[in-house]
Amino acid sequence: VGIGTNSPTFKVDVYDNTTTTNPLLKLRQDSSGDAALGFNIIGSTQLTIGLDNSDGDKFKISRSSNLGTSNQLTISSAGGVGLNTSNPTEVLDVNGNIKASGNINLEDNGKAIFGDGNDLQIYHNGSDSYIQDTGTGHLVLDTNGASIKLLFGSEFLAQFIANGSASLYYNNSKKLET
């Protein structure tokens, strides 16, 4: 079927040769249903994308035959993006694990915040770097290596060896050892 063309090259071919920025295809709903488009591999995968009328007209991609179930991506009317959540409360709200093969870059004063009470924060304020723990438990540094070293560049400040000594240094020279 060709729309705007007499020689379609696909099963449905919508063609336009103008400078308009209007969509070439629009799905409209004038009742309580969803404006959605479905994809289906017979006997296998179903995917639906569109506006979920029953949930604040959020844009969703759902791995089912309708919106509102098995949502994998949701964009709220406020602009929040949810992955595996239907109600994003932040700019990006992820329900599940996150894997990054590159860096996660936070600008000065941007914080990595952990815990339901925001009780562990790691950040850099432009001059100093902080690990701030305001929880009720302990701040634990745990390693499966033989020691923990505190360095300033290549200069030793302290070294703690498992089942061994604890040492404090000044100007790379050991000043105290247990």
*Based on the alpha carbon coordinates of region 37-88, what radius of gyration and maximum Cα-Cα distance (Dmax) apply, in Å?*
10.7, 36
*What residue among Leu120, Leu168, Leu24 shows peak mean-square fluctuation when the chain is described by a Gaussian network model with Cα springs under 10 Å?*
Leu168
*Local charge sum around Asn125 (other residues, Cβ-Cβ under 13 Å, Lys/Arg +1, Asp/Glu -1)?*
-2
*Using a Gaussian network model of the chain with C-alpha springs under 10 Å, which one of Ser86, Ser44, Ser65 is most mobile by mean-square fluctuation?*
Ser44
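Which shape class, rounded, prolate or oblate, goes with region 109-178 when its Cα gyration tensor gives a ≥ b ≥ c as root eigenvalues, a/c under 1.5 marks rounded, and past that a/b bigger than b/c marks prolate? Could you put the intermediate results ahead of the total?
Working: a/c = 2.95, a/b = 1.62, b/c = 1.82.
It is oblate, given that a/c is not under 1.5 and a/b is not larger than b/c.
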*First check a/c for region 1-95, with a ≥ b ≥ c the square roots of the eigenvalues of its C-alpha gyration tensor; if it is under 1.5, answer rounded, and if not, answer prolate when a/b is larger than b/c or oblate otherwise.*
prolate
*Largest first and to the nearest Å, give the Cα extent of region 60-121 along each principal axis.*
43, 27, 20
*Just for the Cα atoms in the chain, what are the lengths along the principal axes, largest first, rounded to whole Å?*
87, 37, 36
*asked:* I need two numbers for region 63-165: Rg to one decimal and Dmax as a whole number, Cα atoms only, in Å.
replied: 20.0, 64
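Between Ser44 and Asn84, how high is the FRET efficiency from 1/(1 + (r/R0)^6) when r is the Cβ-Cβ distance and R₀ = 25 Å? Nearest 0.05. Provide the component values of the computation, followed by the final result.
Working: r = 21 Å, r/R0 = 0.83.
It comes to 0.75.
Assuming R0 = 30 Å, can you tell me the calculated FRET efficiency for the pair Val91 and Ser65, based on Cβ-Cβ distance, to the nearest 0.05? Please list the in-between numbers first.
Numbers: r = 30 Å, r/R0 = 0.99.
According to the calculation, E is roughly 0.50.
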*asked:* In the chain, if the dipole is taken from +1 on Lys/Arg beta carbons and -1 on Asp/Glu beta carbons about the Cα centre, which of Gln29, Ile3, Phe152 is farthest to the positive end?
replied: Ile3
*Determine the share of region 1-73's accessible area contributed by carbon and sulfur atoms, expressed in whole percent, with a 1.4 angstrom probe.*
52 percent
*Principal axes first, then extents: for the Cα atoms of region 1-51, list largest minus smallest coordinate on each axis, whole Å, largest first.*
34, 29, 16
*Cβ under 11 Å from Ser165's Cβ, Ser165 left aside: what net charge do those residues give with Lys, Arg +1 and Asp, Glu -1?*
0
*So which lysines pass the test for Lys111, namely a Cα distance under 28 Å, with those fewer than 8 places away in the same chain ruled out?*
Lys99, Lys149
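The values are calculated or read from the model by the stated rules, or taken from the named source; none is laboratory data. Because the structure is predicted, anything quoted here is derived from the model rather than measured. Methodologically, a virtual Cβ is constructed for each residue, glycine included, from the backbone with ideal geometry; neighbour enumeration extends over all protein chains shown. Areas reflect the complete protein model, heavy atoms only, side chains present, ligands, DNA and RNA absent. Shrake-Rupley method; radii C 1.70, N 1.55, O 1.52, S 1.80 Å.
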